[in-house]
2 protein chains.
Amino acid sequence: MRSDKDDLKARARIRNAALELFGAEGVAGVSLRAVATRAGVSHALVLHHFGSKEGLRKECDAYVVSLVRGGPGVEALEDTTGLAAMLEAAGPVRRYLGRAFLDGAPEAAALYDEIVDATERWLEQGVAEGWARPGEDPRARAAIYVTWLLAPLAFGEHLSRVLGLPDPHDLDATLRYSRAGVEILTRGVFADDRVLTAWEAVRKERRAR
Amino acid sequence: MRSDKDDLKARARIRNAALELFGAEGVAGVSLRAVATRAGVSHALVLHHFGSKEGLRKECDAYVVSLVRGGPGVEALEDTTGLAAMLEAAGPVRRYLGRAFLDGAPEAAALYDEIVDATERWLEQGVAEGWARPGEDPRARAAIYVTWLLAPLAFGEHLSRVLGLPDPHDLDATLRYSRAGVEILTRGVFADDRVLTAWEAVRKERRAR
DNA sequence: GCAATTGCTGACCAGCTGTACAGTACACTG
DNA sequence: CAGTGTACTGTACAGCTGGTCAGCAATTGC
């Protein structure tokens, strides 16, 4: 080894560099050489450790997913705090996660399913205990709930720009918009049923056809 | 020209092919040759019409943005129906839009800002007219509202998979989860203020530090 | 000691990339 | 008719891509 500990093992450095670059530019837009340069190693070493670019991508997927899963423990997915912790995850990981969902990485898909399942159970329990309102379609509601909580992963940049906040991955930014989100989830936005009624009308019209 | 109208002018065919492929694989992951092949032309023609790959991308951006803007007219952005129409836009365009937001295309950013502005005014009006509840932070609420409505663009694939629906871009899929969304926006999810209170506690704790 | 393993590199390769360009076919205009 | 412009093609090219490989240096195991 070079120095006493060399900051981080090269393998981890490569993985982190890949995480940042893949998150920022997309997997296809980043060359192995770019990853290697950022990690301060030769591009051959990347192949040596991960076998192929696809191998590197899979490792990144697995790592990010394990971060989310392993962070506060499995049962943490059962409450809001766990999901909130996930949203507070470090910047590059957020970007990467958002992209992984969009690119349809199988690991990400499995994670999404898992979160929806947990959320559905959690909301069901909430209905039983009285702190959550009953919904017409619990499965769809859980899916929407999860999608909405995940949305800042994909749109965080725009969210913070619109709010005039400097750093999209800043905790303050997250706090400000999550407040608005929690407010909606608690009180709703619409004061009466007119939009719901309008939606029913659309459904009815569509069924008639 | 070849036949009477040749289906579509080559230029439009190329743009459509690019839209599909870019949306599916990302701009960096698609070669000009792939676009040309799908459009049934030589790759040199792509350059002839668009000058460069970047030129093609910009044309795609502009086209999609104009679709969204021009569809139901400017004032349509003022109501939910307009946004709903946007979500019903054709499949490839949806994928492309989602990716454009994630990639931070300037055209997409401007569109996002525009929608948030319109939504903020619209909600303000709603509060005045009594059909929308007042919110603590109207700007943040408008931003979150827009982000949530846009979220299915990025997560539509997962949404429909989780709901067991075959086609992510199917109108039926959209209808099912939008119903759940409207329900949340009308009645909320949480029956009491405990999550809101928990959020306040987090803010207080953070301010203390 | 010495052999095996591991981390790591530079040189090399075939293939694909975006782009340039000369040239063809065809429609106009004069 | 020549002349001009436009849609379109095939070929060519420099540069970068992911991946291979032989080999160096340090560590490990015996």
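Take the Cβ atoms of B:Arg38 and A:Ser31, set R0 to 30 Å, and the FRET efficiency comes out at 0.75.
A point 7 Å from Cα along Cα→Cβ stands in for A:Lys204, and the other copies hold the same point at 4.7 nm, listed in rising order.
For a straight C-alpha distance cut-off of 26 angstrom, the lysines reachable from A:Lys9 (same-chain residues fewer than eight places away being disregarded) are A:Lys53, A:Lys58. Here region B:74-208 has 55 percent of its accessible surface on carbon and sulfur atoms, given a 1.4 Å probe and all protein chains in place. Between B:Asp172 and B:Arg121, the modelled labels are 3.9 nm apart [label points 7 Å from Cα along Cα→Cβ].
Counting only heavy atoms of the protein chains and using a 1.4 Å probe, A:Asp113 has close to 50 Å² of accessible surface. Taking all protein chains as they are arranged and a probe of 1.4 Å, the heavy atoms of B:Thr197 leave approximately 80 Å² accessible to solvent.
Computed from the C-beta positions of A:Arg203 and A:Ala128, the FRET efficiency with R₀ = 22 Å rounds to 0.20.
For the set B:Glu59, A:Glu183, solvent exposure ranked by accessible area (probe 1.4 Å, protein chains only) runs largest to smallest as B:Glu59, A:Glu183. Annotation: extensible slack from A:Leu67 through A:Arg187 equals 40.0 nm (criterion: 0.36 nm per residue apart, minus Cα-Cα distance). Take region A:87-209 with all the other protein chains still there, run a 1.4 Å probe, and you get 41 Å² of accessible area per residue. Couplings 3J(HN,Hα) of region A:127-140, computed from phi: 5, 4, 8, x, 9, 10, 6, x, x, 5, 9, x, 5, 4 Hz, in residue order, whole Hz [Karplus 6.51 cos²θ - 1.76 cosθ + 1.60, θ = phi - 60°; x for Gly and Pro]. Shape summary of region A:73-208, radius of gyration then Dmax from alpha carbon positions: 16.6, 50 Å. Extending 7 Å from Cα along the Cβ direction at B:Ala12 and again at A:Asp113 yields two label points whose distance is 4.1 nm.
Inter-copy label distances at B:Gly104, shortest first and taken from points set 7 Å along Cα to Cβ: 2.7 nm.
Interface residues of region B:178-194, defined as those losing at least 50 Å² of solvent-accessible heavy-atom surface relative to the isolated chain (probe radius 1.4 Å), are listed as B:Arg179, B:Val182, B:Glu183, B:Ile184, B:Leu185, B:Thr186, B:Arg187, B:Val189, B:Phe190, B:Ala191.
Averaging Cα coordinates gives a centre for region A:19-72 and one for region B:162-181; these two points are 33 Å apart.
A simple rule links phi to the HN-Hα coupling: the Karplus curve 6.51 cos²θ - 1.76 cosθ + 1.60 with θ = phi - 60°, which for region A:174-180 gives 4, 4, 5, 7, 5, 4, 4 Hz, with x for Gly and Pro. Remark: accessible surface ordering of B:Arg121, B:Arg206, A:Arg15 (largest first) is B:Arg121, B:Arg206, A:Arg15, probe radius 1.4 Å. Each copy carries A:Lys9; placing its label point 7 Å along the C-beta direction from Cα gives inter-copy distances of 5.9 nm, listed from smallest up. For the chain pair A and B, the buried solvent-accessible surface (1.4 Å probe, both sides summed) amounts to about 7300 Å².
The values are calculated or read from the model by the stated rules, or taken from the named source; none is laboratory data. Quick caveat: nothing in here was measured; it's all calculated off a predicted structure. Virtual Cβ from ideal backbone geometry, glycine too; neighbours counted across all protein chains shown. Side chains included, ligands, DNA and RNA excluded: accessible areas come from the protein's heavy atoms. Shrake-Rupley method; radii C 1.70, N 1.55, O 1.52, S 1.80 Å.
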